[in-house]
Amino acid sequence: MLILGSHSVRRDITLVIEDVIERYTEGKRRQTGGKIPALQVHNLDFYYGTNQVLFDLNLEVEEGEMVALLGTNGAGKSTLLRAVSGLSHPHRGVIRLFGANATYLEPEQIIAEGVALLVGGKMTFSGLTVRDNLRIGGHTLRRDRARSAQALEEAMDAFPALKARLDQPAGTLSGGEQQMLALARVMMTRPRLLLIDELALGLAPMTVDDLMAMVRRINEEGTTVILVEQSVNRAISLADRCFFLERGEIRFDGPTVELLARDDLLRPVFLGTAASGLR
Amino acid sequence: MSGPGSRSGPARLTVENLGVTFGGVRAVDNVSFTAEPGAIVGLIGANGSGKTTTLDMVSGLVAPRQGTVRLDGTDLVDYLPEERERIGIVRSFQDCRLFPELSVLDILMLCEDVKREVAVVSTTLQLPWARRAESRKRAAVDEVIGAFGLERFRHHRTAELSTGTRRVVDLASIILAAPRLLLLDEPTAGIAQREAEAFIPLLRRLHEVADTTIVLVEHDVPLVFELCSSVVVMELGRVVADGPPDVVRADPRALAAYLGASDEAIFASGPTAAGPKGVSATGPDVDGE
Amino acid sequence: MLALSAPNFVLVQGVIIGLGYGLLAVGLVLIYRTNRVLNFAQGQVGVIAAVFLVKLTADFKFEYWFALVLSIGLAAAVGALSELVLRRLFNRPRVLVMVATIGLSQVLLALTALPFIRPHNLYKPVPVPFDLSFTLGTTIFSPGEVLTLIVAPIVAVTLALAVRSTSWGLNMRAMSENADSARLSGVWIRRTSTLTWTVAGALSAFTAILNAPGQTSALTEVLSPDLLLFALTAALVGAMINLTVAFVAGIGVGVLYELLQWNISSTANQQLVLFIVLLVVLLVRVRALRKDSRSAERSTWQHGAVRVRATVDALRNRISVSGMWAAACGAAILPLLLNVGNNYLFSQVCIYAVIALSLTILTGWAGQVSLGQFGLVAVGAVMAAHLGASVPLPLLLLFAGAVTALVAIIVGLPALRLPGLFLAVTTLAFAIFMQEAVLATPCWTVPGIHKTLCTGLPNPASTLIGRPSLFGLGLHSERAFAWFSLGILLLSILAVRTWRDKGVARRLIAVRDNELGAAAMGIPVLRTKLLAFGLSGFMAGYAGVCLAFATERFSTATFDPTISFIIISMVVIGGLGSVAGAVLGALYLEGLPALFGANPTIQFLTSGLGLIAFILYLPGGLGELLHRSADALTLGVRYVQERWTTHGPLGSPPGAATTPVPAVPGAETLTPEVVES
């Protein structure tokens, strides 16, 4: 029991030291006038039970960027988004949103800070009407009636298909329309940071293009966007920079175009030749 | 149950024109392939390509809308999952969280229980044949635990093990089930790098020892190419390429499928994909695919 | 066969009480949708309001409307407080939450005894604001009933509007569909949850206040299980989702009840019809209920059950075994030392321990929550009452066990395809049915067939049962019976441990934790579930025989459905799934109050509050405590051993093998959902 106790105490001390170092570096950066990134992840470890899924993750996303988070199934992409959105808390490490430490905040608080998470296929409430779905999105605006009404108007203009179905249950909408609904709701709150997890899951390619155009627009209007993607092609068409996650570790961080040249990294993607080099 | 159940040794799996729809989306569309007895067939494709759903239909968890699944020629349409298990179709699960509260020993003993059923009354009264059956099961389980190096985890609950170890337990239970057709669903997903590399020799050994046909769904493509005698590539519910690894590797459609919905894939798939806007409805509600 | 006709006033009466059921049902559905919890304290919250109202108007002489607002406010506040206390249990095994709500209702009952809530004169009726009454035919409807007819629909409509238009309603609906998505959409789920319980509390207040004037006798402080069951049935018709359907179904249940009262003379037949209706409702709504609960139920069993594991450490094993022997020997000697009264108590404790063991199999291992275990015990008791004199004891025990096993299987059948917590409803209904119908009616004419079945106690008010002899030895003395009970207990423990270690338990747990996975493995799911019912029923059956002989005289009042609540509390306090725990639980809840009933600390510990405290802070129960002390003892013994033998390095640090340590502290909380990483 003593041994167990000392082990956990030692671990706690290590964590505290790391925390202090991290805060110091951050302070330094601020002092030298560096721009505050939209998202910073430092030394992140994540466990599901006893199972470690993310190993010492470090990444930064600047404000206004659109980056892609690539990787195969089981790599840890969704887990990372869960940690950032506050649904689960990491075991070790710091997550900063626009400079503020958000590691242990609840999703409700993080949403209030201007972060929105869109999970492909699960963001609409099929039992509620389209209007109600949008009303939920306006939660952060609920204090200001005028602004929320205006935001609703704008959303309707941007998505005429939804306008026609305002009072129908969201479950009757097609998959693409439901994603549009989710996007519309997100847009209403004008988030500063938008995390999208597999937007195109199960959708026809044409619908996907429409959605992608909308995401591009959102980014152009100033929202930082992080896109979790399986498809390298789609990532190229949207994001200039990307991260490649594999088995809980970041293997690549840089311009998306460069990623294509990295045979050794795109292990799950075979490229016709150089097969023996893969392993 | 005569037919596939009474034979032993690896079975032949024939999948013909398999199709199923979830909420308006064709999750699996006209899929056909064959797994020869003793072969290892790899099923690859991006998320949403329908690989796991196909596996579900072979194991009986999902009922197909069209098409047939045959084991050694017998149509399996009326076989429930537990019945398929009895005729030799064994399936591993993607998130191997099998039974969190049971220990490794318990789970392996359960596999043995299924093979040798002992009546409750006999167990309660600890009649001699019940005792003998139990010790025989114990012996078989001990052997497997030793073979897979699970000795130190014998009494740990599966909830406390790492994903890699849980997968090994899953494989161990598979050996005990003496499968004729083995369905493996992403055995290396979520496993840390070092453990994943140990999997190829493990799976090879499994294949030798179990003497069974294997159908493997995986994301780790090099692993699939290394291991499998035949590879099936799926995209958006359809088979895009099928054949020995070398052939598939050179197929441009397969490449495109893996990079994700390229233009080629769209035009190649014809009118269905280019249908009216909003043709696909709510995504499949099964986890993942 | 059943010609149900009635004059209008009966229908109106039905509607009146039905409105009350409807409001209660709506509250149940609201809470279920928000937190996936069946709140057994739902009715009791309102009772506080009714009592408080009387207090304010009668003792403090407040204006009616002012007092009404305060009372409803009190109930709402109590509702909110309950949520805050029970909040951390919402992700735990369903049975723990449910037992916590049962404990809560006991706490609420105790609250009505508080001086500032309890009126001086208990026999004052709940007041009404006006003196309106109307006549239908020959019946006069009192002002209270008129009030109900007016107010209840208004409340229902207001609620419907609130759910549809307010932000709380919107948030609640979103949360009920998908809590995580709701959080990510910015919904504050904790506030929504608290608000929902507040509203439910207010609804319950309306029910109690409106219904109370209709009571002819004193102010009822305890909400009868019947009322709760009717509300549950109505809620189930709405598949625990649809508020409107639940409300209307409540009215329907009320009307049905009055119709049955009017048309069918025997209580037994009335109860039978109601029981059948409930079973039919469950069967019809199976699909809707299954779909909703599936994701919430799956994998919520972690971190609730005491681990059913064999100890690795040889020393630890020896310590447990010697501990057991010591306990057994001590228990065997005890009857010699105790007086008659205490020996009687000894038998009681032993028998209750057996009953708790039977529930361990069903609820602890198989995850099927049963609130009617005592109803099964009643079956055994009835066998003893009828056959005690004619059949030799060992045979009687086996026969009663077999019959009860069969009954248990039949009762469990409708809930077989549903998650474990819905069995709670059928078993509750069964317990009520047993007490009010079967036991109360010694001989019962089956309608239609005109055959007579003698099932109940020969004399429902008070039946004498003579003790038989066992292999020629008389069991008349309390001491002899104490040994007999102990013997039965030890045999039961032996059986249960065999089942635990030799395969039965692991099968039940596998089916409980992952039905699909178990099926894919080849385990026959349905048969395994039925096995759980059967074994549990068997034990309850022969325990019933023993109980009958132990008490030698009992009546239908002995089989109050609320005793089943106590049994399940025993299992929970002892630790779900633990064999030793079941015995300890029985000792705790049955032995302690009898021995030290006057002591206020004991009173607290064994009350509803104590139960909640256990669930919140010691989920593993007394069994876990026992395990930990055995572990500590092992450490101590090993330390002493090492000090004695000073040569060479000895003994690896203990605890490495016995207590698997999660690498991450706090890793006991496992995320229930499947996450694509």
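If you go through the range A:217-233 and keep only what is over 13 Å from the mean Cα position of the chain (by Cα) and under 25 Å from residue A:155 (Cα atoms), you end up with A:217, A:218, A:219, A:220, A:221, A:222. Taking the listed residues B:37, B:64, the one that is at pLDDT 90 or above, outside any strand (DSSP E or B) and more than 14 Å from chain C (Cβ to nearest Cβ) is B:37, with no other qualifying. Any residue in the range A:60-79 that is within 30 Å of residue B:221 (Cα to Cα), of a type in the set (D, E, K, R) and surrounded by 19 or more Cβ atoms within 10 Å (Cβ to Cβ)? Yes, because at least one residue in the range A:60-79 is within 30 Å of residue B:221 (Cα to Cα), of a type in the set (D, E, K, R) and surrounded by 19 or more Cβ atoms within 10 Å (Cβ to Cβ). All of (1) in contact (Cβ under 8 Å) with a residue 24 or more places away in the chain; (2) out of contact with any Gly (no Cβ under 8 Å at 6 or more places or on another chain); (3) within 12 Å of chain B (Cβ to nearest Cβ) hold for residue A:94 with one exception: (3).
State yes or no: is residue B:142 facing chain C (nearest Cβ under 7 Å), over 20 Å from the mean Cα position of the chain (by Cα) and not hydroxyl-bearing (Ser, Thr, Tyr)? No; evaluated as a whole, the condition is false for this residue.
Given B:162, B:173, which one is among the hydroxyl-bearing types (Ser, Thr, Tyr) and within 14 Å of chain A (Cβ to nearest Cβ)? When all the criteria are applied, what remains is B:162.
Of the numbered criteria (1) free of Cβ contacts under 8 Å to residues at least 60 places away in the same chain; (2) in a helix (DSSP H, G or I), the one residue B:114 fails is (1).
Got a sec? Which of C:480, C:519, C:540, C:505 is touching a strand residue (DSSP E or B) at 6+ places or on another chain (Cβ under 7 Å) and either at pLDDT 90 or above or more than 15 Å from residue C:354 (Cα to Cα) (or both)?
Working: C:519 fails: touching a strand residue (DSSP E or B) at 6+ places or on another chain (Cβ under 7 Å); C:540 fails: touching a strand residue (DSSP E or B) at 6+ places or on another chain (Cβ under 7 Å); C:505 fails: touching a strand residue (DSSP E or B) at 6+ places or on another chain (Cβ under 7 Å).
When all the criteria are applied, what remains is C:480.
Pick from C:547, C:508, C:535, C:491: which is among the aliphatic types (A, V, I, L, M), surrounded by fewer than 24 Cβ atoms within 10 Å (Cβ to Cβ) and part of a helix (DSSP H, G or I)? Spell out how you get there, then give the answer.
Working: C:547 fails: surrounded by fewer than 24 Cβ atoms within 10 Å (Cβ to Cβ); C:508 fails: surrounded by fewer than 24 Cβ atoms within 10 Å (Cβ to Cβ); C:535 fails: surrounded by fewer than 24 Cβ atoms within 10 Å (Cβ to Cβ).
The match here is C:491.
Checking the condition within 12 Å of residue A:228 (Cβ to Cβ) and of a type in the set (A, V, I, L, M, F, W, C), which residue from A:87, A:97, A:80 passes?
On the way: A:87 fails: within 12 Å of residue A:228 (Cβ to Cβ); A:97 fails: within 12 Å of residue A:228 (Cβ to Cβ).
The conditions single out A:80.
Does at least one position in the range A:161-174 carry a residue that is buried (at least 19 other Cβ atoms within 10 Å of the Cβ), among the polar types (S, T, N, Q) and modelled with pLDDT of 75 or more? Yes: one or more hits.
One line per residue, one yes/no per condition, for (1) buried (at least 20 other Cβ atoms within 10 Å of the Cβ); (2) among the aliphatic types (A, V, I, L, M); (3) at pLDDT 80 or above:
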residue: B:152; (1), (2), (3): no, no, yes
residue: B:156; (1), (2), (3): yes, no, yes
residue: B:161; (1), (2), (3): yes, yes, no
residue: B:168; (1), (2), (3): yes, yes, yes
residue: B:176; (1), (2), (3): yes, yes, yes
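Quick one: count up the residues across the range C:258-269 that are at pLDDT 80 or above and in contact with a helix residue (DSSP H, G or I) (Cβ under 6 Å, 6 or more places away or on another chain).
As a first pass, look at the range C:258-269 and keep what is at pLDDT 80 or above: C:258-263.
Restricting the remaining residues to those that are in contact with a helix residue (DSSP H, G or I) (Cβ under 6 Å, 6 or more places away or on another chain) gives C:258, C:260, C:262.
Residues flagged as at pLDDT 80 or above and in contact with a helix residue (DSSP H, G or I) (Cβ under 6 Å, 6 or more places away or on another chain) within the range C:258-269 amount to 3.
Kindly provide the set of residues from the range C:478-516 that are of a type in the set (S, T, N, Q) and closer than 22 Å to residue C:382 by Cα, ordered by number.
In the first step, residues of the range C:478-516 are kept if they are of a type in the set (S, T, N, Q); the result is C:485, C:492, C:498, C:514.
Selection gives C:485, C:492.
Of all residues in the range C:2-34, those satisfying the criterion of being farther than 21 Å from residue C:156 by Cα and assigned to a helix (DSSP H, G or I) are C:8, C:9, C:10. Within the range B:220-251, if we keep just the residues that are farther than 21 Å from residue B:36 by Cβ and touching an Asp or Glu at 6+ places or on another chain (Cβ under 6 Å), the residue that is farthest from the other protein chains (Cβ to nearest Cβ) turns out to be B:238.
Please verify whether residue C:586 is modelled with pLDDT of 85 or more, closer than 30 Å to residue C:499 by Cβ and assigned to a helix (DSSP H, G or I), treating the condition exactly as stated. Answer is yes for this residue.
The values are calculated or read from the model by the stated rules, or taken from the named source; none is laboratory data. Values in this document were obtained by computation on a predicted structure and should not be read as measured data. With ideal geometry, Cβ positions are generated from the backbone for all residues, glycine too; neighbour counts draw on all protein chains shown.
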